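Peer 1: Dumping the structure here so I can ask a few things about it.
The values are calculated or read from the model by the stated rules, or taken from the named source; none is laboratory data. Small disclaimer: the values here were computed from a predicted structure and weren't measured. Note that we place each Cβ from the backbone using ideal geometry, even for glycine, and neighbour counts take in every protein chain shown.
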Amino acid sequence: MVRCAWLVCLVPATLLAQEGAGARFERLMTDLMVVDTHVDTPWYVVDEGYDVGVRHDYYEADIPRLREGHAGAVFFGLMATPESYAPHAWVERTLDLIDSVHEMARRYPDDLEVALTSGDIRRIRSQGRVAVLLSVEGGHQIDDNLRILRNYYRLGVRYMTLTHFKTNNWADSSTDAVVHGGLSPFGREVVREMNRLGMMVDISHVSPGTFDDAIETSRAPVIASHSSVRALCDTPRNMTDDEIRKLAAKGGVIFINFNVAYLDQKAWDAFRSFRDERDREIAAMMAARKDDPRRFELKRAIQRRYRQRLPPVDSKTALRHIDHVVRLAGADHVGIGSDFDGISGMAPAGLEDVSKYPALVRGMIEMGYSDGDIRKIMGENLLRVMKQVEEAAQ
Ligand SMILES: [Zn+2]
């Protein structure tokens, strides 16, 4: 009996020691929770009738590719950009996008369900489906009205990015003028109300002052839903080492953005040199072809043409950003926030769309990461933070 028990204990340990990288990858993928905290697909659904149920050879997310990528949960970003929408249209646009996610789940119930809690994500994943979640990308979308914030929560919104690219009436953006020196008194009230509701506070896009004020005001950990590392690529959209340390000290997580212009310095410099010209060309074409159903295809063609001016960037660069945070703050404080479908096709080679998440797992195995750390980075860190935010709610 004793010898038998001894053998039973010994055999798995021996097998594990001899397990090759390939077998380890296969084993991890059987039950790994993969969470992407930022995917912008809903605007294509509303504007172009993009059908997430079928596989596409353009854009970066649909159900077949989510399945291929072993996705467990995806947060859809809902944008009503001040650059494209007048203030009176922000709430309606947000409601349209919220509706598109609920309708997606209604149309494809065997594949998708809207998750409202971290527990929902685990349940939906264990049922072999993909949890979809809602997030509002820009505090301006509440129209300076806490009632609207609360209604977004009731409709399923589980994080809000305090600003988008523009400074709003209560928070400064990292890519616009400093008006409030961070959060205004109302901005702090928004953060407190988000805490009370159990809505995660997202500091991607915000200015250094807004970051500090959000960290100071929030009772719960905060997240950066789609930002990368400033020390590796110096853009105002990325976080400094000091900010990453403060975020981690509060229990928060930075979810790495895959936009090559935020991953690689040369790509950022090249992107900056053509961005305005590209956007003007797209705007002129879209205005001239308002009623042409091919206009979105033409838009993608323009984006592809400019994309070719960028230097090659591959998945290893994204892994370097993850590794930087692991060394700086630990594996509890980094995750995946691809920004797919919000980056004009500017994804790295080997990480072209949501089907490629497993490439990150292979990469982390090669880098010598433990199973536990890979699990945290690929999804568990988001579940931990979301649960903490739920528990801090009243
Ligand atoms: Zn964004």
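Peer 1: Would you be able to tell me the number of residues in segment 221-238 that are surrounded by fewer than 24 Cβ atoms within 10 Å (Cβ to Cβ) and either more than 15 Å from the ligand (Cβ to nearest atom) or not basic (Lys, Arg) (or both)? Even if it seems obvious, please write down each step before you answer.
Peer 2: Start the filter on segment 221-238 by keeping residues that are surrounded by fewer than 24 Cβ atoms within 10 Å (Cβ to Cβ), which leaves 221, 230-232, 234-237.
Narrowing further to those that are either more than 15 Å from the ligand (Cβ to nearest atom) or not basic (Lys, Arg) (or both): 221, 230-232, 234-236.
Of the residues in that region, 7 qualify.
Peer 1: At pLDDT 95 or above, charged (D, E, K, R), within 15 Å of the ligand (Cβ to nearest atom) and not assigned by TED's automatic domain parsing to the domain that holds Val136: is that true of Arg289 in this structure?
Peer 2: It is false that Arg289 is at pLDDT 95 or above, charged (D, E, K, R), within 15 Å of the ligand (Cβ to nearest atom) and not assigned by TED's automatic domain parsing to the domain that holds Val136.
Peer 1: While we're looking at this one, here's another question. Being in contact with a Gly (Cβ under 6 Å, 6 or more places away or on another chain), in the same structural domain as Ile374 (by TED's automatic domain parsing) and touching a residue at least 12 places away in the same chain (Cβ under 8 Å) is the requirement here; does Val325 meet it?
Peer 2: Working: in contact with a Gly (Cβ under 6 Å, 6 or more places away or on another chain): no; in the same structural domain as Ile374 (by TED's automatic domain parsing): yes; touching a residue at least 12 places away in the same chain (Cβ under 8 Å): yes.
No.
Peer 1: Just checking: which of the strands (runs of 3 or more DSSP E) contained wholly in segment 112-208 hold 2 or more residues that are away from the ligand (no atom under 16 Å from the Cβ) and touching a Gly at 6+ places or on another chain (Cβ under 8 Å)?
Peer 2: Values: elements: 112-114, 130-137, 157-161, 200-202.
Here the list reads 130-137.
Peer 1: Only one of Arg327, Arg309, Arg300 is under 30 Å from Asp373 (Cα atoms), surrounded by fewer than 18 Cβ atoms within 10 Å (Cβ to Cβ) and modelled with pLDDT of 95 or more; which? If you could, list the steps in order and put the result at the bottom.
Peer 2: Values: Arg309 fails: under 30 Å from Asp373 (Cα atoms); Arg300 fails: under 30 Å from Asp373 (Cα atoms).
When all the criteria are applied, what remains is Arg327.
Peer 1: Among the candidates Arg245, Arg230, Arg237, Arg219, which residue alone is under 15 Å from the mean Cα position of the chain (by Cα) and among the basic types (Lys, Arg)? Let's see the steps before the verdict.
Peer 2: Details: Arg245 fails: under 15 Å from the mean Cα position of the chain (by Cα); Arg230 fails: under 15 Å from the mean Cα position of the chain (by Cα); Arg219 fails: under 15 Å from the mean Cα position of the chain (by Cα).
The conditions single out Arg237.
Peer 1: Looking at the structure I just gave you, is Gly72 touching a residue at least 60 places away in the same chain (Cβ under 8 Å), outside any helix (DSSP H, G or I), away from the ligand (no atom under 16 Å from the Cβ) and in the same structural domain as Asp339 (by TED's automatic domain parsing)? Talk me through it step by step, then tell me what you get.
Peer 2: Values: touching a residue at least 60 places away in the same chain (Cβ under 8 Å): yes; outside any helix (DSSP H, G or I): yes; away from the ligand (no atom under 16 Å from the Cβ): yes; in the same structural domain as Asp339 (by TED's automatic domain parsing): yes.
Here the answer is yes, as Gly72 does meet what is asked.
Peer 1: Then there is this: Give the residues of segment 174-194 that are under 15 Å from Tyr152 (Cβ atoms), buried (at least 17 other Cβ atoms within 10 Å of the Cβ) and in contact with a helix residue (DSSP H, G or I) (Cβ under 6 Å, 6 or more places away or on another chain), sorted by residue number.
Peer 2: Of the residues in segment 174-194, the ones under 15 Å from Tyr152 (Cβ atoms) are 190-191, 193-194.
With buried (at least 17 other Cβ atoms within 10 Å of the Cβ) added as a condition, the list becomes 190-191, 194.
Answer for segment 174-194, where residues must be under 15 Å from Tyr152 (Cβ atoms), buried (at least 17 other Cβ atoms within 10 Å of the Cβ) and in contact with a helix residue (DSSP H, G or I) (Cβ under 6 Å, 6 or more places away or on another chain): just Val191.
Peer 1: Testing Gly20 on (1) surrounded by fewer than 17 Cβ atoms within 10 Å (Cβ to Cβ); (2) at pLDDT 95 or above, one condition comes back false. Which one is that?
Peer 2: (2)
Peer 1: Ok, one more. Looking at segment 25-52 only, could you name the residues that are surrounded by 19 or more Cβ atoms within 10 Å (Cβ to Cβ) and in contact with a Ser or Thr (Cβ under 8 Å, 6 or more places away or on another chain)?
Peer 2: Asp36, Thr37, His38, Val39, Pro42, Val45, Tyr50, Val52
Peer 1: Moving to a separate point now. Confirm whether Leu383 is surrounded by 23 or more Cβ atoms within 10 Å (Cβ to Cβ) and touching a helix residue (DSSP H, G or I) at 6+ places or on another chain (Cβ under 6 Å). Let's see the steps before the verdict.
Peer 2: Values: surrounded by 23 or more Cβ atoms within 10 Å (Cβ to Cβ): no; touching a helix residue (DSSP H, G or I) at 6+ places or on another chain (Cβ under 6 Å): yes.
Criteria not met by Leu383.
Peer 1: For segment 39-63: of the residues being assigned to a helix (DSSP H, G or I) and under 19 Å from the mean Cα position of the chain (by Cα), which is nearest to Val130 (Cα to Cα)? Break it down into steps so the answer makes sense when it comes.
Peer 2: Initial filter on segment 39-63 (assigned to a helix (DSSP H, G or I)): 42-48, 63.
With the extra rule that they be under 19 Å from the mean Cα position of the chain (by Cα), the set shrinks to 42-45, 63.
Details: Pro42: 16, Trp43: 19, Tyr44: 19, Val45: 18, Ile63: 9 Å.
Ranking the qualifying residues of segment 39-63, first place goes to Ile63.
Peer 1: Still on this structure: With the requirement that a residue be touching a Lys or Arg at 6+ places or on another chain (Cβ under 8 Å) and of a type in the set (Gly, Ala, Ser), what does segment 278-324 give you?
Peer 2: Ser315
Peer 1: Cβ-Cβ under 6 Å, sequence separation 6+ or interchain: first residue in segment 347-376 and among the hydrophobic types (A, V, I, L, M, F, W, C), partner surrounded by fewer than 16 Cβ atoms within 10 Å (Cβ to Cβ) and in a helix (DSSP H, G or I). Which pairs?
Peer 2: As it stands, the answer is Ile365/Ala21, since those pairs meet every condition given.
Peer 1: May I ask you to list the residues in segment 345-394 that are among the charged types (D, E, K, R) and in a helix (DSSP H, G or I)?
Peer 2: Of all residues in segment 345-394, those among the charged types (D, E, K, R) come to 352-353, 356, 362, 366, 371, 373, 375-376, 380, 384, 387, 390-391.
Within segment 345-394, Lys356, Arg362, Glu366, Asp371, Asp373, Arg375, Lys376, Glu380, Arg384, Lys387, Glu390, Glu391 qualify.
Peer 1: Next up: When the residues of segment 243-258 are narrowed to those that are surrounded by 24 or more Cβ atoms within 10 Å (Cβ to Cβ) and part of a loop (DSSP other than H, G, I, E, B), which ends up farthest from the ligand (Cβ to nearest atom)? Spell out how you get there, then give the answer.
Peer 2: Restricting attention to segment 243-258, the residues satisfying the condition of being surrounded by 24 or more Cβ atoms within 10 Å (Cβ to Cβ) are 244, 247, 252-258.
Keeping just the survivors that are part of a loop (DSSP other than H, G, I, E, B) gives 252, 257-258.
Numbers: Gly252: 17, Asn257: 8, Phe258: 12 Å.
Applying the filter and picking the extreme gives Gly252.
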